[in-house]
Every structure is written in structure tokens, then in C-alpha cells.
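The values are calculated or read from the model by the stated rules, or taken from the named source; none is laboratory data. The model shown is predicted, which means the values in this text are computed figures rather than measured ones. Methodologically, a virtual Cβ is constructed for each residue, glycine included, from the backbone with ideal geometry; neighbour enumeration extends over all protein chains shown. In case anyone asks, the SASA skips ligands and DNA or RNA and just uses the protein heavy atoms, side chains included. Shrake-Rupley method; radii C 1.70, N 1.55, O 1.52, S 1.80 Å.
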Amino acid sequence: MTTPVINIEQETKKVRVACGATTIPVDVRKIIGSLGLKLMSTDLNDSLSGAFLRKEKIVVVNKNHSLLRKRFTIAHEIGHYKLHETENDKEFIDGIFKREKGANANTLKVEMEANQFAASLLMPRDEIIQEFHKQDPVTGDYITDLSEKFKVSHESMNYRLINLGLTVPQ
């Protein structure tokens, strides 16, 4: 059985619009509530970022992580909810940059899709492009400025800009 091709950019835009979360920074808690999910912040091992418990419709985040890390984790778990609906009873437990030994190609694909979903949800393509072109890459620290505006980590913003082809020669 082949997996349907998902346009993650379109999917995240539909989610933001349907949930009334169209302003920047994107309100992930509003999305959680609009989707009928519950959010639980709890003490987890530092190597665990969060989890999605499908049966219970609960997104779990590590309360010890930074606000920016928690935002990305929440968006990542929403990605599992929206993109991996056929995984009926599957629970997703996500570590930081998780690459388990013996993880199969499908597991890695699913995690990459959830990461892409999170990046697109928190840093919408059109808004990133618009804000990027307002920046002065010569005199300003545009990655820091954009990271602060979108409430994401410097590293997440850097990856998003690279993936969108928005880089400035060093």
C-alpha cells in the first residue's frame, strides 16, 4: 500500500485557518484546544521531548524544556495527529533528535514528516518569506530577529530558511 503524498505546507495552513491561529507567533495552545486535544506538561527524562497518546488525545511535553523547545514539540505532536491518522492506536514518543538504533525507514520518515509539519506550522512559508525580505542581512542578525518574531529557536529558524532556499551568502 502506498502512502499518499501530503503537501505539508497546505496542511499546516488549513490547520491554522480552521483553528483561528493565523497570527505570528502561531498559538499552538489554541490549535491544541481547537482540535479537541489535551496538553499535559510533565516531568520527563531530559532526553524525551514529548509524546502523542492517540487513544487519549493527549499531547505530552517535557515541562523541564525551554518554551521554544516545548512549542516545537507541541507542533511536532500535532503533526503526528494530523499526518499519521492511520496509525490508530500508535503512541508517538519523541526524543530530542531521536535516531534510535534499529529504527526502520518508515519510523524515520514519520518523524521527519512531523518535524516538517512543526516547522511549517510555527514558521509558515509565506510569512517567513515576507519577513525575510524585510530584514537587512548585512547589518542585522536576521536569524535572531526572525527567531524572536516567530518564537522558535535560532537553530529551527536557520533550518527553515535553508529548506526554503532563503540563505544569505556569508
When you scan the range 88-96, do you find a residue that is open to solvent by less than 70 Å² (accessible area, probe 1.4 Å), within 24 Å of residue 148 (Cα to Cα) and either touching a Gly at 6+ places or on another chain (Cβ under 8 Å) or at pLDDT 95 or above (or both), even just one? no
Scan of the range 1-25 for residues that are among the β-branched types (Val, Ile, Thr) and not in a helix (DSSP H, G or I), ordered by number: 2, 3, 5, 6, 22, 23, 24
Write out, first by first residue and then by second, each pair whose Cβ atoms fall under 6 Å of each other, whose residues are 6+ apart or on separate chains, and whose first residue, in the range 39-51, is under 11 Å from residue 73 (Cα atoms) while the second is surrounded by 15 or more Cβ atoms within 10 Å (Cβ to Cβ) and of a type in the set (Ser, Thr, Tyr). 49/73; 50/73
On the basis of being among the hydroxyl-bearing types (Ser, Thr, Tyr), more than 15 Å from the chain's Cα centre (by Cα) and not in a strand (DSSP E or B), does residue 73 make the cut? no
Condition check: over 15 Å from residue 118 (Cβ atoms) and part of a strand (DSSP E or B). Does residue 49 satisfy that? no
Could you go through the range 26-41 and let me know if any residue there is open to solvent by 50 Å² or more (accessible area, probe 1.4 Å), modelled with pLDDT of 95 or more and in a loop (DSSP other than H, G, I, E, B). yes
Just the residues that are within 21 Å of residue 130 (Cβ to Cβ) and in contact with a Phe, Trp or Tyr (Cβ under 7 Å, 6 or more places away or on another chain), please, taken from the range 12-47. 12, 24, 25
Check whether at least one residue in the range 54-65 is closer than 16 Å to residue 114 by Cβ and more than 17 Å from the chain's Cα centre (by Cα), and report yes or no. yes
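So that you can scan it fast, the table gives a plain yes or no per residue for (1) open to solvent by 80 Å² or more (accessible area, probe 1.4 Å); (2) over 18 Å from the mean Cα position of the chain (by Cα); (3) at pLDDT below 95:
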{"site": "103", "(1), (2), (3)": "no, yes, yes"}
{"site": "117", "(1), (2), (3)": "no, no, no"}
{"site": "128", "(1), (2), (3)": "no, no, no"}
{"site": "134", "(1), (2), (3)": "yes, yes, yes"}
{"site": "139", "(1), (2), (3)": "yes, yes, yes"}
{"site": "143", "(1), (2), (3)": "no, no, yes"}
{"site": "162", "(1), (2), (3)": "yes, no, yes"}
